[in-house]
Amino acid sequence: MSIAEQGVAIAEAPSDDIVLDVRDLQTYFFLRRGIVKAVDGVSFALRRGEVLGLVGESGCGKSLTALSIMRLLPKGSARTIHGEVLLNGEDILEKTPNEMREIRGRKISMILQDPQTSLNPVFTIGEQLREAIFRRTRGRTREVMREAVAALRRVDIAAPEQRLGQFPHQMSGGMKQRVVGAISISGRPEVLIADEPTTALDVTIQLQYLKLLKRLQEETRMAILFITHDFGVVARMCDRVAVMYAGRIVECGPVDQVFDNPSHPYTQALIASVPKMTGSTERLYTIEGQPPSLMDLPVGCRFAPRCPYADQRCLAAYPPSFTVGAEHTADCWRMTAA
Ligand SMILES: Nc1ncnc2c1ncn2[C@@H]1O[C@H](COP(=O)(O)OP(=O)(O)OP(=O)(O)O)[C@@H](O)[C@H]1O
Ligand SMILES: [Mg+2]
């Protein structure tokens, strides 16, 4: 029986215990046409047992931030050129590829944006799950089998023994995503990065999946970096939220505070564009203008060209992170007097 099923209250406030500390991360694409600054100075910390949302428009660098942390950048022109990713105080950017293979899955794991790419179509669910479990336990076949069945049961898949023999195409989208979730947490990671884990699912299945993730998070106390477009999902899932714009985090704080007192004009626009309906899944396309090209970024605030409050100062220099409230910061010159 899980802890949640026993009715024990487990959702205590997150401790100050930082498990993942990302400092000034920069990941660029070096192309013949120029340099694409996809992640350009991203810093945040994640505490044990905490869910931190990472939100922002398409193309702002959310997935690249996640892939940089996992050291799973697309092969070719992308390189992390600066920063630290401290996992329990150790910089995983310094680890060898072999050491990284040991860390991935066991200490830090990721649910990719597209579940189709996470499952291999030519292997059964059981084979893929068993491989993930075997890497951790190196256990005997029977134990691995037992764990595989338990892993599927944990993500609410009925008749797991039969499902183990099936191929991904024999399952619905929602079921596949739950299998991906089961595989991602089978190594009992301390940190899970979930990159838009529900975009491919229809609305009712999304909600079920979010509830499931939340329950697993509360049971295991793993920390989650939850990437999404959707502020409704942030409200439902997250303790804190970081808002990303054109390769940088422009505002970060506890979810309630950011909702009640959004301080960066970009956050204000994002929240204003959320339809006033809980459980909304609409994408946030209603802010006028376009984000800047990541190949040709303005020297000043990156939001200035779209910002109704921008003045000379905003065009001249990128603002520092100002403190807005407890654990609440915003990179906006208007906060100078705050
Ligand atoms: N292979 C590539 N070559 C050049 N630029 C790339 C490449 N892949 C991604 N980029 C650029 O990196 C930026 C960040 O991409 P990323 O996938 O992190 O965005 P995202 O915030 O996850 O967007 P979405 O919400 O659509 O998933 C994008 O603006 C994109 O143009
Ligand atoms: Mg993405």
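Let's see if you can work this out: charge +1 on each Lys and Arg Cβ, -1 on each Asp and Glu Cβ, no other charges. What is the dipole magnitude of the chain about its Cα centre, in debye to the nearest 20? Working shown, then result.
Values: 41 positive and 39 negative charges, 219 e Å.
The dipole of the chain has a size of about 1060 debye.
At most 14 other C-beta atoms within 10 Å and a DSSP loop state: those are the exposed chymotrypsin sites (Phe, Trp or Tyr not before Pro) I care about. Give me the longest piece of the chain that has none. Walk me through the intermediate numbers first.
On the way: sites that count: F123, Y285, Y309.
No qualifying site falls inside 124-284, the longest such stretch.
Would you compute, from DSSP H runs of 4+ residues alone, the mean residue ellipticity of the chain at 222 nm, taking -39500 (n - 2.57) per run and dividing by the full residue count, rounded to the nearest 500?
Numbers: 12 runs with 108 residues, N = 338.
Only helices count here, giving -9000 deg cm²/dmol.
Would you calculate the volume per residue, in Å³, of the smallest convex hull containing every Cα atom of the stretch 185-338? Intermediate values should be presented prior to the final figure.
Working: hull volume 20.7 nm³, N = 154.
It comes to 135 Å³ per residue, whole-number rounded.
How big is the C-alpha Rg of the stretch 75-115 next to the rule-of-thumb value 2.2 N^0.38 Å, as a ratio? Before the final figure, lay out the partial values.
Values: Rg = 11.8 Å, N = 41, 2.2 N^0.38 = 9.0 Å.
So the Cα radius of gyration is 1.31 times the expected 2.2 N^0.38 Å.
What is the gain in length, in nm to one decimal, between F123 and D91 on full extension, counting 0.36 nm per residue of separation less the C-alpha to C-alpha distance?
Once the chain is fully extended between F123 and D91, it gains 8.1 nm.
Taking Rh as the Kirkwood radius computed over C-alpha pairs, what is the Stokes-Einstein D of the chain at 20 °C in a medium of viscosity 1.002 mPa s, expressed in µm² per second?
Here the translational diffusion coefficient equals 102 µm²/s.
Considering the chain as a Gaussian network with a 10 Å cut-off on Cα pairs, which listed residue, A45, A326, A242, attains the greatest mean-square fluctuation?
In this elastic network of the chain, the residue with the biggest mean-square fluctuation among A45, A326, A242 is A326.
Using a Gaussian network model of the chain whose springs link C-alpha atoms within less than 10 Å, name the residue from R33, R302, R130 with the highest mean-square fluctuation.
Greatest mean-square fluctuation among the candidates belongs to R33.
Can you sort M110, M145 from fewest to most other Cβ atoms within 10 Å of each residue's own Cβ? Numbers along the way, then the final one.
Values: M110 25, M145 17.
In order of increasing Cβ crowding within 10 Å: M145, M110.
Springs between alpha-carbon pairs under 10 angstrom, Gaussian network model over the chain: which of L315, L31, L152 fluctuates most?
Residue with maximal mean-square fluctuation among L315, L31, L152: L31.
What is the order of S293, S118, S68, fewest Cβ neighbours within 10 Å to most? Don't jump to the answer; show the numbers that get you there.
Numbers: S293 12, S118 19, S68 24.
Result, fewest neighbours first: S293, S118, S68.
Let me know the charge dipole size of the stretch 101-260 about its Cα centre in debye, to the nearest 20, where only the beta-carbon of Lys, Arg (+1) and Asp, Glu (-1) is charged.
Working: 24 positive and 19 negative charges, 178 e Å.
With only Lys, Arg, Asp and Glu charged at Cβ, the dipole is about 860 debye.
Helix 125-137 versus the longest principal axis of the chain: what angle, 0 to 90°, nearest 10, using Cα atoms?
80
Could you work out the relative contact order of the chain, using alpha carbon pairs under 8 angstrom and six or more residues apart, expressed as a whole percent?
RCO, the chain: 20 percent.
Between A159 and R140, what is the label-point separation in nm under the 7 Å Cα-to-beta-carbon projection?
3.0
Which residue, chosen from L86, P262, A242, occupies the Cα position most advanced towards the positive end of the dipole of the chain, where the dipole is computed from +1 (Lys, Arg) and -1 (Asp, Glu) charges on Cβ about the Cα centre?
Of L86, P262, A242, it is L86.
Would you mind ranking I103, I81, I249 by Cβ crowding within 10 Å, fewest neighbours first?
I81, I103, I249
Say the dipole of the chain comes from +1 at the beta carbon of Lys and Arg and -1 at that of Asp and Glu; which of L129, L213, T198 then lies farthest toward its positive end?
L129
Any idea what Rg and Dmax come out to for the stretch 158-270 if you just take the C-alpha atoms, in Å?
Rg, Dmax (Cα atoms, Å): 16.2, 52.
Every read-out reported here was derived from the displayed coordinates using simple, explicitly stated rules and does not represent laboratory data. Not measured: the values here are computed from a predicted model. So basically every Cβ, Gly included, is an ideal-geometry build from the backbone, and we count neighbours across all protein chains shown.
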